[in-house]
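Input: a single structure, listed below in structure tokens.
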Amino acid sequence: AHLPTVFNSSKLEFSRYTNCGDGVYEHVFAIHNMATDPSKGPPSDTLDYFNTLWWGARTSAFQDVVRSNNNSKSLATIDPLPDWASVGILSVADTAGYTVFAEHVRFGSPRYALPCGNRSGDGTIVSCSDPTSVPLVLQLMAGPKSDPGPCTFQQPLTQQFGILTVRCRLKPTANITDGVVHWKIPTYLVLVNNVTNAIMYLHPLRGVTAWSRFVSGINWLIVSPADNSTTVADINKKFPAGTILQVQYESTYALPCGNGTGAVVNCSSPLSIGQPSISMISLTYPTLSSTACEQSIEYTNLYGKIVARCRILPTVPINSGDPYTQLTFVSNNTNAQISYQVYGVIFW
């Protein structure tokens with residue numbers, strides 16, 4: 001409603017929304033005081049208190065809240081989320097000017113121990129305690145003017161592996177032709193920008209094809225992102241020339257155990273009959289199909305995002321899921337190492 005009023009405010013509010021990519025949206029709110037010098041007449045308001053912004057985020061969608069600090073680069077996770085009465089109004093001056101609302105906040109994982117190369121440069125890996133070893137340093141290097149980004153698309157290996165594969169120029173370092181490839185026991189390696197903390201998950205079945213393969217005078221880091229839709233431009237934006245990459249390690253997701261009734265029990269419990277096995281089979285209802293998955297209209301409408309249901313071979317029933325953890329499903333019995341990212345699982 002707009003009611004007639006004699007009040008004349010000198011306040012001008014700005015709101016800007018930016019799609020930062022990778023599912024991140026930024027809302028910037030600012031206030032400008034257009035008041036003149038009090039000696040020159042109205043409007044001459046002194047604005048020294050704002051009880052704003054009046055908006056919120058649904059905890060069902062954004063379960064993690066991270067707050068900045070005005071005297072530290074570290075971010076504070078607010079857990080558990082308190083009620084209004086116990087917090088009151090937070091002064092913006094006590095923050096670095098922003099708060100983050102996220103579906104899931106990732107904290108640093110253990111560092112992966114990088115291998116060492118042989119001083120002879122023959123491409124082999126030797127123990128880092130060997131006095132002849134050369135340490136591996138993953139510092140990215142810019143390319144020529146025609147291709148200035150550190151990382152480039154590797155079409156032959158992408159076609160051979162059936163997954164996106166890129167190679168990235170490194171500053172001179174140990175020559176190591178081998179990498180980290182897991183065919184039947186998926187594990188996650190994570191590349192981390194040591195300055196911005198930007199990350200990229202690597203493919204669990206073929207993470208690193210080569211740590212620093214020396215070809216035509218250049219050391220190349222050859223990797224496959226977990227997300228097959230990642231572009232080289234995305235990678236070069238996260239990891240520009242000069243970045244010293246850290247490598248972290250994450251274990252694969254542990255499926256829950258059931259007792260046969262649909263309930264989850266501790267895997268060490270005598271009631272446990274094991275974890276479910278997710279083996280896709282073709283749909284037969286309402287008609288025979290060559291696909292295993294279909295959209296669930298009921299749950300799509302309920303959650304406001306596309307939900308699929310997939311038919312699997314008889315296994316341990318689990319009538320619950322993990323709806324707030326982003327996961328990557330990987331096919332480990334196909335020539336093309338197919339992976340698919342999901343925002344969570346409603347029922348195992």
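The values are calculated or read from the model by the stated rules, or taken from the named source; none is laboratory data. On a predicted model such as this, the values are computed, not experimentally measured, just so you know. Note: ideal-geometry Cβ built from the backbone for every residue, glycine included; neighbour counts use all protein chains shown. Only protein heavy atoms, including side chains, enter the accessible area calculation; ligands, DNA and RNA are left aside. Shrake-Rupley method; radii C 1.70, N 1.55, O 1.52, S 1.80 Å.
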Problem - Residue list for the stretch 287-303, restricted to those being open to solvent by 100 Å² or more (accessible area, probe 1.4 Å) and in a loop (DSSP other than H, G, I, E, B) - result: Leu288, Ser290
Problem - Yes/no for Ser109 being closer than 22 Å to Asn193 by Cβ and not in a loop (DSSP other than H, G, I, E, B) - result: no
Exercise for the section: Might you check whether a residue that is touching a residue at least 12 places away in the same chain (Cβ under 8 Å), open to solvent by 70 Å² or more (accessible area, probe 1.4 Å) and more than 28 Å from Val208 (Cα to Cα) occurs anywhere in the stretch 96-111? Expected result: yes
Problem - Condition met for Val316 (at pLDDT 90 or above, surrounded by 13 or more Cβ atoms within 10 Å (Cβ to Cβ) and under 21 Å from the mean Cα position of the chain (by Cα)) - result: no
Exercise for the section: Show the residue pairs that are 6+ apart or on different chains and have beta-carbon atoms under 6 Å apart, the first residue being within the stretch 42-65 and among the β-branched types (Val, Ile, Thr), the second being open to solvent by 60 Å² or more (accessible area, probe 1.4 Å) and at pLDDT 75 or above. Expected result: Val65/Phe101
Practice task
Starting from residues that are within 23 Å of Gln246 (Cβ to Cβ) and in contact with a helix residue (DSSP H, G or I) (Cβ under 7 Å, 6 or more places away or on another chain), keep the ones in the stretch 124-153 and report whichever is surrounded by the fewest Cβ atoms within 10 Å (Cβ to Cβ).
Solution key: Thr152
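Take the residues in the stretch 11-54 that are among the hydroxyl-bearing types (Ser, Thr, Tyr) and closer than 30 Å to Glu103 by Cα, then tell me which one is modelled with the lowest pLDDT. Step through it out loud before you land on a result.
At the first step, the residues of the stretch 11-54 found to be among the hydroxyl-bearing types (Ser, Thr, Tyr) are 15, 17-18, 25, 36, 39, 44, 46, 49, 52.
Still in the running and closer than 30 Å to Glu103 by Cα: 15, 17-18, 25, 52.
Details: Ser15: 89, Tyr17: 92, Thr18: 91, Tyr25: 86, Thr52: 73.
So the residue we want is Thr52.
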Practice task
Six or more apart or on different chains, Cβ under 8 Å: which pairs go from a residue in the stretch 270-296 that's touching a residue at least 24 places away in the same chain (Cβ under 8 Å) to one that's in a loop (DSSP other than H, G, I, E, B) and open to solvent by 100 Å² or more (accessible area, probe 1.4 Å)? Could you list them?
Solution key: Ser282/Leu288; Ser282/Ser290
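How many of the residues making up the stretch 61-81 are surrounded by 10 or more Cβ atoms within 10 Å (Cβ to Cβ), of a type outside the set (Val, Ile, Thr) and in a loop (DSSP other than H, G, I, E, B)?
Just the residues of the stretch 61-81 that are surrounded by 10 or more Cβ atoms within 10 Å (Cβ to Cβ), to begin with: 61-70, 75-79, 81.
Subset that is of a type outside the set (Val, Ile, Thr): 61-64, 67-70, 75-76, 79, 81.
Checking which are in a loop (DSSP other than H, G, I, E, B) leaves us with 61-63, 70, 79, 81.
Counting residues in the stretch 61-81 that are surrounded by 10 or more Cβ atoms within 10 Å (Cβ to Cβ), of a type outside the set (Val, Ile, Thr) and in a loop (DSSP other than H, G, I, E, B) gives 6.
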Problem - Flag for Pro150 being touching a Leu at 6+ places or on another chain (Cβ under 7 Å), at pLDDT 95 or above and not acidic (Asp, Glu) - result: yes
Fill in the blank from the handout: Over the stretch 247-263, the set of residues of a type in the set (Val, Ile, Thr), modelled with pLDDT of 90 or more and open to solvent by 40 Å² or more (accessible area, probe 1.4 Å) is Thr261
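Just give me the residues in the stretch 209-226 being touching a residue at least 24 places away in the same chain (Cβ under 8 Å) and surrounded by fewer than 19 Cβ atoms within 10 Å (Cβ to Cβ), in sequence order. Please lay out each step first, then the result.
So the first thing to find is which residues in the stretch 209-226 are touching a residue at least 24 places away in the same chain (Cβ under 8 Å), and the list is 209-214, 218-226.
Scanning the stretch 209-226 gives a single hit, Ile218.
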Completion exercise
Across (1) of a type in the set (Val, Ile, Thr); (2) more than 18 Å from Leu138 (Cα to Cα); (3) touching a strand residue (DSSP E or B) at 6+ places or on another chain (Cβ under 7 Å), Thr243 clears everything bar (2)
